[in-house]
Amino acid sequence: MDIDFKTIDHRCSNERGVTLFEGKGRIIIYVNQHENIRDIYSTITHETIHYLLYKYKHVEIDDYQEHDLIFRLQWIDEYLV
């Protein structure tokens, strides 16, 4: 899996990151769509989880369930308190 950092025109898209699955996998992070470095780390984690769920195919879930799972994983420390 490769991670690339790019900028995009704000008028074209509001994407923060995308995961491309062809080949060995590639994540693109659009840095100008983020407020700070922590926000960028969060997007990297989010897109990496998308990649891992796709690669290992241990679960069959729809897009909504996948994003809900990723959200809960990223906030797990809040749920465990």
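In the range 6-17, what residues are at pLDDT 85 or above and surrounded by fewer than 14 Cβ atoms within 10 Å (Cβ to Cβ)?
Pass one, the range 6-17, residues at pLDDT 85 or above: 6-7, 15-17.
Hits for the range 6-17 are Lys6, Thr7, Glu15.
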Q. Restricted to the range 42-66, and to residues that are surrounded by 12 or more Cβ atoms within 10 Å (Cβ to Cβ) and aliphatic (A, V, I, L, M), which residue is modelled with the lowest pLDDT?
A. Leu53
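Can you pull out the residues in the range 47-68 that are closer than 17 Å to Lys6 by Cα and not hydroxyl-bearing (Ser, Thr, Tyr)?
Once the filter is applied, which keeps residues that are closer than 17 Å to Lys6 by Cα and not hydroxyl-bearing (Ser, Thr, Tyr), the range 47-68 yields only Glu47.
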Q.
Name the single residue that is nearest to Gln74 (Cα to Cα) among those in the range 4-60 being of a type in the set (Lys, Arg) and in a loop (DSSP other than H, G, I, E, B).
A. Arg16
Q | All positions within the range 69-81 that are within 12 Å of the chain's Cα centre (by Cα) and either assigned to a loop (DSSP other than H, G, I, E, B) or not aliphatic (A, V, I, L, M) (or both) | A | Phe71, Gln74
Q) Hey, Asn32 hits all of (1) in contact with a His (Cβ under 8 Å, 6 or more places away or on another chain); (2) surrounded by 15 or more Cβ atoms within 10 Å (Cβ to Cβ) but one; which does it fall short on? A) (2)
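Whether any residue in the range 25-36 is more than 12 Å from the chain's Cα centre (by Cα) and among the basic types (Lys, Arg) is what I want to check. Spell out how you get there, then give the answer.
At the first step, the residues of the range 25-36 found to be more than 12 Å from the chain's Cα centre (by Cα) are 25, 31-36.
From what's left, among the basic types (Lys, Arg): none.
No, that holds for no residue.
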Q) What number of residues within the range 1-40 satisfy the criterion of being touching a Gly at 6+ places or on another chain (Cβ under 8 Å) and under 15 Å from Tyr51 (Cα atoms)? A) 6
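The values are calculated or read from the model by the stated rules, or taken from the named source; none is laboratory data. Predicted model only: the values in this text are computed from it and were never measured. Heads up, the Cβs are rebuilt from the backbone with ideal geometry, glycines too, and the neighbour counts pull from every protein chain shown.
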